[in-house]
Every structure is written in C-alpha cells, then in structure tokens.
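Trainee: First the structure, then my questions, so here it is.
Computed from the coordinates by the stated procedures, all read-outs in this text should not be read as laboratory data. Note that the structure is a prediction, hence the values are computed from the model and not measured. We place every Cβ from the backbone using ideal geometry, glycine too, and count neighbours over all the protein chains shown.
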Amino acid sequence: MVRKFLALSLFATLLSAQVVLEKVRSLMDEERYSSHVKLLSLLFEDEEAYMKSSSVDMVKVAATLEENGLLSLDLPTVQKVEMTFEYGGENPLFFLKLMNDTLRNIGLSFILTKEATLDKEGFVWKILFEAKSVPDPVLLAKRLERNGAEVLDLERIEANRWRYRIGMQSARIDAKPILPGESLKVVRPIRPVWMDVGRIKRLVIREMPGSHWYPDVVVYDKMLHILSMKQSETRTRYLNLRLPSDAAYVKISDRFTLENLRSGVKLTAKGER
C-alpha cells in the first residue's frame, strides 16, 4: 500500500511538472524555449510553487520568466497586436468597463474592437492596436487585482497575439467612493466621472461657477444594470439624486460635451445606508 501511495505521489508530481513546463512553453517561442530548456527546468523545479488549486498560476509563471529575461514582449517592428479577453459571466457591460479602465491605466487608450461575442460559454472581447511591444501581462494582472479581478489563464498564441481568461467573481468598478456627509469638487473632467455611492442615500450635484452643465447622469447597481437616468437638454445648476437601495455607482457626464464642465461640479453625499 505504501509503495502504491509513493508511486501515485511521484506520478502526480511528474504530471504537474510537465503541466507547468507546458504552460511555460505556451508563453515563449519554440526557439527560445528549446535553447533555455535546462534553465527553465531549474527555474520551475518547484512546480507546486506555481500551482494555484488545480491550475497553473500563469501570472507567477510570467513573472518568473520576466525576472530572468526570458519573457519576450518586444516586436521587430510596429505592428498590429491582438489581445483576446475571455470572461465566463453574463454581464459584458461590467466586464468591458473594468477592462477598458485597466487597459487605459497601462497606457492603452487607442484600441479597436475586432470581435465581441456573448453566448452560453460567456463573453469574448478581441481588440486590436498598433505597437512595437505587447503589454506586460504581469503589470496587467496587477492592475486587474486592484479592482478584484484576476487572470485565470494566459497564452501567447503568436508574438503579437495573446489570450487571457479573466475571473470577475470579486471584481469592482474603478470608481471614487464618496461617504455620507462628504463633499468634493470635480474640475475639468476629461471623461465621465464614476462615483461609488454604495454607502449613501442621496447625491447632490451642483454646477460650479463657469460651467454650463447639461446633465447626463446614470445610476447603476453593482453589476452595472441601469436603475435610473437623468438627462436634460437645458442647463441645470443643481441636481438632487435620491438613490435606490441597490444603487452602487453613479456616472456623471454632460449631454453634449465635457467642455461644458470646465469649472467642474461639486458633489455632496447625504444620508447613510
């Protein structure tokens, strides 16, 4: 029985080592992998350190490759980079908001959507942009972690084509929280302002002197389902929003252009939930 147990343990260890190295291989081109295979075997000798539950921790694998100068992200010339993001849930708006914010935070603002499909397996978003290098997957994973999302799987299909599978179970939107009794000013916003209003009952929005605000305000629940909207084509100096009990976020913008908010708005939070 003991021999059988030891044999099974050895087999499981060898199997996991093989799985880890295959995942390492998926992040490298074949020539680089073959020329460094002995070093890679040493770097990933402790295969259990690269396992997370029953899966390989691809972010940790990528970080080790990066630390040892083995993760090639540079391209020979400026070319189109394709990145595919897969999400197993049923709320693409929430996913797209989080991914767009994350990509913008790592310097990717000018991207094109090549494909966006939703089916029973989940949501797939494929983007294109021109660059001379591929975004750092370790940095991307760290930025996602800030908002409770995680990279579940990662694959280098070609030098300029990468695939990610994203976990969103604990994800949250990148929105500034505002607490009961708190007031703050938003000046010259360059994109719509997102506020976390999960702790308050009312949000008062006042136009600052010098602004000419035509409200475009949307209230969402935590999964970005729209709860209410306030839009006006006439100038508004004051808006008092009574928030539903399941309100989580408020997006504040202008009906025509954010240039109308050049002096900004003042936000005041009232009532505690």
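Trainee: Met223 to Ser133: FRET efficiency via 1/(1 + (r/R0)^6), r the Cβ-Cβ distance, R0 41 Å, to the nearest 0.05?
Mentor: With a Förster radius of 41 Å, E is 0.75.
Trainee: Let me ask something additional. Given the Cα-Cα distance of Glu22 and Ser55 and 0.36 nm per residue of separation, how much length would full extension add, in nm?
Mentor: 10.6 nm
Trainee: Using a Debye calculation, one point per C-alpha and no hydration shell, please list log10 I(q)/I(0) for the chain at q = 0.09, 0.13 Å⁻¹ in order.
Mentor: -0.57, -0.94
Trainee: Applying 1/(1 + (r/R0)^6) with R0 = 45 Å to the Cβ-Cβ distance of Asp174 and Lys38, what FRET efficiency is obtained, to the nearest 0.05?
Mentor: According to the calculation, E is roughly 0.55.
Trainee: Taking R0 as 30 Å, what FRET efficiency do you get between Glu145 and Thr234 from their Cβ-Cβ distance, rounded to the nearest 0.05?
Mentor: Calculated value: 0.10.
Trainee: Describe numerically, in nm with one decimal, the distance between label points set 7 Å from Cα along Cα→Cβ at Lys114 and at His212.
Mentor: The answer from the label model is 4.4 nm.
Trainee: Run the simple label-point estimate for Leu184 and Phe256 please: 7 Å along Cα→C-beta, distance reported in nm.
Mentor: A separation of 2.9 nm, rounded to one decimal place.
Trainee: Let me ask another. Take the cross-link list Lys120/Lys230; Lys60/Lys201; Lys52/Lys176; Lys185/Lys230; Lys97/Lys185 and give me the ones stretching past 30 Å between alpha-carbons.
Mentor: Lys120/Lys230; Lys60/Lys201; Lys52/Lys176
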